[in-house]
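A.B. asks: Here it is, the structure, as structure tokens.
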Amino acid sequence: RSTLIESRELIKSNLEEAQRLENLADNLLALTQYNNVRLSLLPVKLSTIIDQASENTAKLAKNKHIVLSVDVVTGAIVIGQEESLVQLVTIIIDNAIKYSSANTTIYLHAIKDDDKYHLSIRDEGPGISEEDLPFIFDRLYRGDKSRSAKVAGYGLGLSLAQEIARANNASIIVRNYPQGGAQFVVSLPATKI
């Protein structure tokens, strides 16, 4: 016979697994959606996208005592589909939080060139191994086994982020930051105003 505590733990574990499977199904559906649908791209404030993505990840950041440091021009306007861009930035911030140590900072900074805003999302984590960098956006790729074993997931988040970027006429790259940590740069079309 199992005790009440063991029963609670089993139920909790089953609920967590059900949530992970639901997230997997949602991500697979989203990948299909972004491959097959043309988005309506409109002007949207970059600060709105970042505010909503920050709100989506606030609980996870708070649990690890991670600070989001945002440096984005208030009037920055990009062309895209707001909800999908919020999802893209949420995925990258979520990833940065998961792979960062507690009590660190994630930096969001945007710069503009002629026709694009480049949104940098940089963490103070261990970075990404050079062997994994070329495959980081591949579907179901989980990278360094010692790192990924500690973080729940199925390897779909970054491939979904890349599909969202493509659907928004944007691009996304990743590199290791010289001072440590990973840096994702999302380049978004700017308004011509």
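Nothing in this text is a laboratory measurement; each read-out follows from the coordinates by a stated rule. Just so we're clear, the structure is a prediction, and the values are computed from it rather than from any experiment. FYI the Cβ positions are ideal-geometry reconstructions off the backbone, even for glycines, and counts take in every protein chain you see.
A.B. asks: So the label point goes 7 Å from the Cα of TYR177 along Cα→C-beta, right? Which residues of the range 51-85 then have their backbone N under 16 Å from it?
C.D. replies: Residues 66-72 fall inside that zone.
A.B. asks: May I ask which of LYS98/LYS192; LYS64/LYS112; LYS12/LYS98 have a Cα-Cα span longer than 25 Å here?
C.D. replies: Too far apart for the 25 Å limit: LYS98/LYS192; LYS64/LYS112.
A.B. asks: Still on this structure, I have one more. May I ask you to list the GluC sites (Glu not before Pro) in the range 57-145 that are in a DSSP loop and have at most 14 other Cβ atoms within 10 Å of their Cβ?
C.D. replies: GLU130, GLU131
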